[in-house]
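Student: Provided herewith is a single structure, encoded as structure tokens, for subsequent inquiry.
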Amino acid sequence: MISLERLKLSVPSATASDERLLALLGEAAADAVCSWCNRDFALTEYDEVYDGVPSDRLLLRHYPLRGVHDVRGEPTVVLEVTSAASELARVTVTRERLELFRVTSGVAAVDTVAWSDQLTLG
């Protein structure tokens, strides 16, 4: 929230050996401000789920806003993936493909399924 140079200007008697202490104090002050305001001032991406009724207004927990990627209502399961043979499995869905990552007997494998290769109904 505040640079080391600005901290040095705020404490004119600080020397080069005080830089580490000033940096720690600056971080502690920034943490205290974020805690007091109950918000994060850094540019961060959030994924939020809200319960409520349909409305023309959406009150978000984090601001200011730089962009909104998606707003969805009434979520429904459209894809269910199960892994019976893997010790660890993860599925990532992107616009272009489905990525299936799994670890079996210590060996990692990744499979991809491109949406463009799949049949759709017209």
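Student: Between VAL110 and LYS8, what FRET efficiency follows from the Cβ-Cβ distance if R0 is 35 Å, with the result rounded to 0.05?
Tutor: 0.10
Student: Got the relative contact order for the chain handy, in percent, Cα pairs under 8 Å and 6 or more residues apart?
Tutor: 12
Student: Here's another thing I want to ask about it. So, R0 is 41 Å and r is the distance between the beta-carbons of THR92 and GLU19; what FRET efficiency does that work out to, to 0.05?
Tutor: 0.45
Student: Ignoring everything except DSSP H segments at least 4 long, calculate the 222 nm mean residue ellipticity for the chain; use -39,500 (n - 2.57) per segment, divide by total residues, nearest 500.
Tutor: -7000 deg cm²/dmol
Student: Moving on. With a Förster radius of 25 Å, plug the Cβ-Cβ distance of GLU74 and ASP47 into 1/(1 + (r/R0)^6) and report the FRET value to the nearest 0.05.
Tutor: Once rounded, the FRET efficiency stands at 0.90.
Student: Okay, next question. Once the cut-off is 25 Å, how many percent of the Cα-Cα pairs in the chain end up in the long-distance tail?
Tutor: Roughly 60 percent, rounded to a whole number.
Student: Longest span of the chain, sites excluded, free of chymotrypsin sites (Phe, Trp or Tyr not before Pro) in DSSP loop with at most 14 other C-beta atoms within 10 Å?
Tutor: It runs 51-122.
Student: What ratio of Cα Rg to 2.2 N^0.38 Å holds for the range 1-68?
Tutor: Working it through for the range 1-68, the quotient is 1.65.
Student: Calculate how steeply helix 19-37 sits against the longest principal axis of the alpha-carbon atoms of the chain, using the helix alpha-carbon long axis, and give the answer as 0 to 90 degrees to the nearest 10.
Tutor: Result, in degrees: 60.
Student: Could you work out the mean projected area of the convex hull around the alpha carbons of the range 76-119, in square nanometres to one decimal?
Tutor: Averaging across all directions leaves 3.8 nm² for the Cα convex hull.
Student: While we're on this one: Only Lys, Arg, Asp and Glu count, each charged at its Cβ (+1, +1, -1, -1), so figure out the dipole size of the range 1-71 about its Cα centre, rounded to 20 debye.
Tutor: 320
Student: Taking the dipole about the Cα centre of the chain, with the C-beta of Lys and Arg at +1 and of Asp and Glu at -1, give me whichever of VAL107, LEU79, VAL11 is farthest to the positive side.
Tutor: The Cα lying farthest towards the positive end belongs to VAL11.
Student: Computed on alpha carbon atoms, what radius of gyration and Dmax characterise the range 37-103, expressed in Å?
Tutor: 16.8, 47
Student: Please report, as a whole percent, how much of the solvent-accessible surface of the chain comes from carbon and sulfur atoms (probe radius 1.4 Å).
Tutor: Whole-percent figure for carbon plus sulfur exposure: 55.
Student: Keeping every protein chain present and rolling a 1.4 Å probe, give me the accessible area per residue for the chain in Å².
Tutor: With the other protein chains kept in place, the chain gives 93 Å² per residue.
The values are calculated or read from the model by the stated rules, or taken from the named source; none is laboratory data. For clarity, every value in this text was computed on a predicted model and none was experimentally measured. Reconstructed Cβ throughout: ideal geometry from the backbone, glycine too, with neighbour counts over all protein chains shown. Calculation scope for accessible area: heavy atoms of the full protein, side chains included, ligands and nucleic acids excluded. Shrake-Rupley method; radii C 1.70, N 1.55, O 1.52, S 1.80 Å.
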